[in-house]
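Scroll down for the structure; my scribbles are underneath it.
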Amino acid sequence: MTDQPQRKWRIGVVDDHEQIVRGLRATLDDQPDMELVAGAETVAALLAVTCDLDLALLDLRLGDGTSPITNIETLRQADIPTLVYTSGDEMFLVRQAASAGVMGVVRKNAREEELLAAMRRALSGDTVPGIDWAAAIDSDPGLVDLSPQLRRVLELYAAGESSARVARELDISAETVTDYVNRIRSRYTTAGRPAPTKTDLYKRAIEDGWLPIPRRFRR
């Protein structure tokens with residue numbers, strides 16, 4: 001009686017840099033217990049290919065402007081554990097990922113053996129310790145956590161939409177929009193990051209990953 005071949009762990013990658021996906025594919029092609037089955041520029045595109053994944057590697061800053069919390073929540077709804085794979089130069093995004101319940105954080109400049117060890121640890125169900133992870137867990141209270149509805153109001157309003165337009169988009173009253181905006185401002189003030197003007201709210205939304213960094217400021 002012949003032994004059945006061992007099933008490989010199925011890995012997905014969400015990164016909008018093609019060379020990163022190619023590099024990960026080359027790395028995993030050499031592993032007896034893992035295989036890269038899909039790579040995509042967005043979480044939605046990845047899930048459109050397959051939801052049958054044991055682990056997703058997720059970059060935090062994507063070209064479609066989605067926030068880490070939204071992406072991690074979407075992957076969790078698909079029962080896919082997430083390991084952050086990032087340059088690590090935007091700690092507020094790492095804090096968001098930590099608060100959303102990822103397995104850990106691995107920097108893109110980590111050695112190959114470090115990345116593989118982290119992936120195997122995450123696949124076994126353990127969190128992946130590290131400097132970035134510890135910094136995220138012990139982060140200052142300045143990060144403002146918003147409910148999905150408050151987040152959506154902030155995204156639309158801070159991006160330049162009027163209260164009336166936000167109300168129509170979300171099918172709520174203009175008075176409710178005003179109340180939500182006041183709540184958001186209050187939370188930022190409590191966190192020591194006041195946002196008295198619309199421009200300030202726009203800055204806070206970028207800082208916390210709710211809106212994408214303007215192209216002219218990207219590296």
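The values are calculated or read from the model by the stated rules, or taken from the named source; none is laboratory data. Owing to the predicted nature of the structure, the values given are computational and were not obtained by experimental measurement. Counting neighbours? That spans all protein chains shown, and the Cβs are built from the backbone with ideal geometry, glycine included.
Residues in the stretch 51-68 that are touching a Gly at 6+ places or on another chain (Cβ under 7 Å), closer than 19 Å to residue 34 by Cα and assigned to a loop (DSSP other than H, G, I, E, B): 53 only. Contact map, the stretch 134-163: residues that are among the hydrophobic types (A, V, I, L, M, F, W, C) paired with residues that are assigned to a loop (DSSP other than H, G, I, E, B) and modelled with pLDDT of 80 or more, Cβ distance under 9 Å, separation 6+ or inter-chain. Pairs shown: 143/191; 144/191; 144/193; 153/146; 153/172; 154/146; 158/195.
Considering the conditions (1) surrounded by fewer than 12 Cβ atoms within 10 Å (Cβ to Cβ); (2) in a strand (DSSP E or B), residue 32 is excluded by exactly one of them, (2).
The single condition from (1) closer than 23 Å to residue 147 by Cβ; (2) modelled with pLDDT of 90 or more; (3) surrounded by fewer than 20 Cβ atoms within 10 Å (Cβ to Cβ); (4) not β-branched (Val, Ile, Thr) that residue 64 fails is (2).
Note on the stretch 172-196: among residues that are touching a residue at least 24 places away in the same chain (Cβ under 8 Å) and not aromatic (Phe, Trp, Tyr), the one that is surrounded by the fewest Cβ atoms within 10 Å (Cβ to Cβ) is 192. Residues that are crowded, with 23+ Cβ neighbours inside 10 Å and part of a helix (DSSP H, G or I) within the stretch 69-92 comprise 71, 72, 75, listed in sequence order.
Here's the yes/no breakdown for (1) outside any loop (DSSP other than H, G, I, E, B); (2) modelled with pLDDT of 80 or more; (3) under 19 Å from residue 207 (Cβ atoms):
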| site | (1), (2), (3) |
| --- | --- |
| 113 | yes, yes, no |
| 117 | yes, yes, no |
| 126 | no, yes, no |
| 134 | yes, no, no |
| 141 | no, no, yes |
| 144 | no, no, yes |
| 151 | yes, yes, yes |
| 157 | yes, yes, yes |
